[in-house]
Structure formats: structure tokens, C-alpha cells
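Here the structure is laid out as C-alpha cells; the discussion comes afterwards.
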Amino acid sequence: MVDLVKFWVRISYLYARFTGTLNFEVDLKTGRTRVTRRATIYSAFASLFLISILAHHFGPSKIKSELWKDISSLHQSVFMIVSWLRVSCALAALASRWYHRRRYIRLISCFRRLFLQSPEVMRLCRRGFISKCFVASVAEIMQFLVAILTVWDKLTISMLLGIWGVMTVTAIMNVAITQYFFALGNARGHYILLNRQLRALLGEAQSLGPMRKRRNGVFITKCCFLADRLDEIAQTQSEVQALIEGMSKIYELQILCLCLTYYLTSVANIYILFSLYKYSGMTQSWSKLGMVASAIFFMFYYIDCVINSYNVFYLLDAHQEMHKLLEQRNLFPGSLDERLESAFDSFELSLARNPLNLKCFGLFRLNRSSAFDVGNSILINSVLLIQYDMQNY
């Protein structure tokens, strides 16, 4: 039976290599990375080719004028703003891959080392990774189908190259999101394992209650053994959190661009839905297949957005659960051995001094509260854009 995780990992890797997003090679069997002349030259060529296609595609053309003759200047402005932002996001992702190439390689090596220590992590993040890859793939296929069906009657080599460029931009964004998603999911898997180990350790520490009064050698030996295990948990947690923070620093610019893209795309989509209601002639030239493909694309696009968001939320929840588990230590009757008490205090102090905050250039945090604020802002600006349309068109 085909291992779906390995299948999607291989597809994602080949996709990243094909689009030029990944400018080094990874041995999928061992996880080892290496910089090669072949990967470097191909990635540079793919990036330059994409820039050339986009420069040609966004230039003035007769075909584009024909496509836009039936829509208002406001629709054109909204479309161009979103399109340029998506292109900027893709170019920022490519530039980041070159600037941070060595850091990307070290990051993969660190995750590989942690995975070899706890290979069961893959089983814990398996469902989320498969869902993410499937949903993103369906959304991308539907986007390509919509683009082809929209210009089918006017399809030329030039237009086909333009669609190729736009789809490559989408592919680069999806590769960046998928890699970040997989890294965070992997980190969440480690947190789940650590929380299980911590919960079992707390249960064993609580079972030492009848032995506390005697303070014999068995009690002290058991406490020292638990203290060593707790130190290992704390050390692994510190390494995982350092990886998360380092990875977030590398992806910071891409995260900002992606958040802006999601934001403006959502405002534009709400406005488009209003426009379809107001300007019924916009869909007269659409085929039924095109309308079905558009509906499927929008549905899977936002399912993908929700999956990406909850991947971050679940990681923060796992970190918070660790805090709550350590608080249970205060409920133990009596006191533990000095060595174990010191290990608990050190772990709690480390978590208190280094909270897990996923920030983006200090502008905002990636959490549920920020997502709620962004949702409200999208609705407000969508209403303002619709009001502007109603007053001026």
C-alpha cells in the first residue's frame, strides 16, 4: 500500500525543485541536504524565466483589453492590486530562498536530527499533512482550469505563457506555505510526544506519595531518575522551540506577504461575489463547467486557509498544554526530592522566560485573537469597497 505521507513529500519536493523554489537537493531517503551546481543553475534559470514571463504578461496587450472591456475600472484596480501583491509575494519567497539558503539547509538538518530521535512524530502529524497537500492541490488544479476556461476562445501562445506564469506564482506560494505548514506540524508532533511523556512522568511522581515520609534510597533514586527524564524533556522542548523561532524568523517576510495576500484576496472575493449579483452580465460568457470549477476553487482555497491557520493554533495549544501540565505539580501532597523539585522549577522558569510567540516583524502575532481581528477588518473593508461601488458605479 502506498504511504501517502511519503508520496506527498516526494511530490512537494519535486514541485519545489521544478518551480525553482528549492535551490538545493535533499536525499528523500536519508533527509541529507547538499548544494549542487545543477540545482543552483536550474533554480536561477527558473527564477529568471518566471520574471521574464510575468514582465510580459503584465504589460499592455490587445487580448487583455478585450477581456477587460466589460468590467469597470474599479474591478480592474482590485484585480491588479491583488495580482501584483501575489507576484511580490512569490518574488519575495524566491529572494528569501537565495538569501537564507544556508539557514534553510541547517533548519532541515535540525528537524532531521529530531525526527531520527522520535520517528513516531510523523504518525502524529500525518493526517494534517495529507489533508493540507490534497486541499492545496485541488485548489491549484481548479485555479488552472478556471484560467483556461476563461480565455478558451481567445487562447494564444502568449496567453498560455501568461497563465503559466500566474500558476507558477501560485505554485511558489503554495510551496512556501506547505513547507512552513509541515515544519510547524512536525514541531507540534514533538510537543504532543513531550506532553505525553510529561503526563506519564507526573503520574509516576504522584505515585511516590507513600514513600515521601520514609525518604529512603529507593525514593531518592526514583526521584533522580525522574529528574533526569524531566531534564531530557526540557532540553528537547527548548530545541524544538528554538527551531520554531528560527524558522519563523526565516519565513518572516514570506508570512507577511502571505497574510497580506490572504487579506486582500478575501476582500476582493467578497467584492466579486457582490459584483456577480449586481452585474449579472459578468457571467454570461462563462460555461457551466467554468462556474462549477470557480465554486470548487473558492471553497478549497478557504479550506486551505483554515487548515493553515489551525496548524498554528494547535501548535500554540500544545505549548500551552505543557504549561498546564507543569502546574499540576503544585497539587502534589508533600514535597519531592530536592533534585526533582529543582528540575521542575528550572523547567517552569525556562517556559516563563521564553514564551512561544509567533510574531511577524513585531507587527502582529499569529494567534486566534489576531485572526479574529483580521476577519473583522476584512468584513469592514469589504463593506466599504461595496459602498464605494454602489455610490460611484
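The values are calculated or read from the model by the stated rules, or taken from the named source; none is laboratory data. Computed from a predicted structure; not experimentally measured. No Cβ is skipped: glycine too gets one built from the backbone with ideal geometry, and neighbour counts run over all protein chains shown. Just so you know, the surface numbers come from the protein's heavy atoms only, side chains and all, with ligands and any DNA or RNA stripped out. Shrake-Rupley method; radii C 1.70, N 1.55, O 1.52, S 1.80 Å.
Some observations on this one:
- Solvent exposure of the chain as accessible area per residue, Å², 1.4 Å probe: 54
- Rolling a 1.4 angstrom probe over the chain with all protein chains present gives an accessible area of which 64% lies on carbon and sulfur atoms.
- Compared with the rule-of-thumb size 2.2 N^0.38 Å for a compact globular protein, the stretch 348-393 has a Cα radius of gyration ratio of 1.90.
- Think of the stretch 93-136 as a dipole: +1 on every Lys or Arg Cβ, -1 on every Asp or Glu Cβ, centred on the Cα centre; then among Leu107, Ala136, Met122, Leu107 lies furthest on the positive end.
- Relative protection proxy for 134-140, 260-266, from highest mean packing down: 134-140, 260-266 (other beta-carbon atoms within 10 angstrom).
- Rounded to the nearest 20 debye, dipole of the stretch 302-378 from Cβ charges on Lys, Arg, Asp, Glu: 300
- Relative to the longest principal axis of the Cα atoms of the chain, the long axis of helix 101-117 lies at roughly 50 degrees.
- Å³ per residue enclosed by the Cα convex hull of the stretch 240-327: 131
- By the Cα gyration tensor, the stretch 242-393 has an equivalent ellipsoid whose semi-axes, rounded to whole angstrom, run 48, 16, 14 from largest to smallest.
- Highest mobility in the GNM of the chain, judged by mean-square fluctuation with C-alpha springs under 10 Å and restricted to Asn381, Asn330, Asn186, is found for Asn330.
- Computed across the chain, the Kirkwood hydrodynamic radius from all distinct Cα-Cα pairs reaches 23.9 Å.
- Rounded if a/c under 1.5, otherwise prolate or oblate - the stretch 308-393, Cα gyration tensor axes: prolate
- Those Cys residues of the chain for which no other cysteine Cβ falls under 4.7 Å: Cys110, Cys125, Cys133, Cys223, Cys224, Cys259, Cys305, Cys360
- Cα centroid of the stretch 109-142 to Cα centroid of the stretch 242-282, whole Å: 23
- Potential lengthening between Val35 and Phe274 on full extension [0.36 nm per residue; Cα-Cα distance subtracted]: 81.1 nm
- Value of D in µm² per second that Stokes-Einstein yields for the stretch 157-204, Kirkwood Rh from Cα pairs, at 20 °C (1.002 mPa s): 156
- Whether the stretch 93-136 is rounded, prolate or oblate, judged on the alpha carbon gyration tensor where a/c under 1.5 counts as rounded: oblate
- ³J(HN,Hα), Karplus 6.51/-1.76/1.60, whole Hz, each residue of the stretch 79-89, x for Gly, Pro: 4, 5, 4, 5, 5, 5, 5, 5, 5, 4, 5
- Diffusion coefficient, µm² s⁻¹, Stokes-Einstein with Kirkwood Rh over alpha-carbon pairs of the stretch 117-245 at 10 °C and 1.306 mPa s: 83
- The chain - charge dipole about Cα centre, Lys and Arg +1 at Cβ, Asp and Glu -1, debye rounded to 20: 940
- Each of Val9, Ser377, Gly290 was placed along the dipole of the chain (beta-carbon charges, centred on the mean Cα), and the one lying farthest toward the positive end is Val9.
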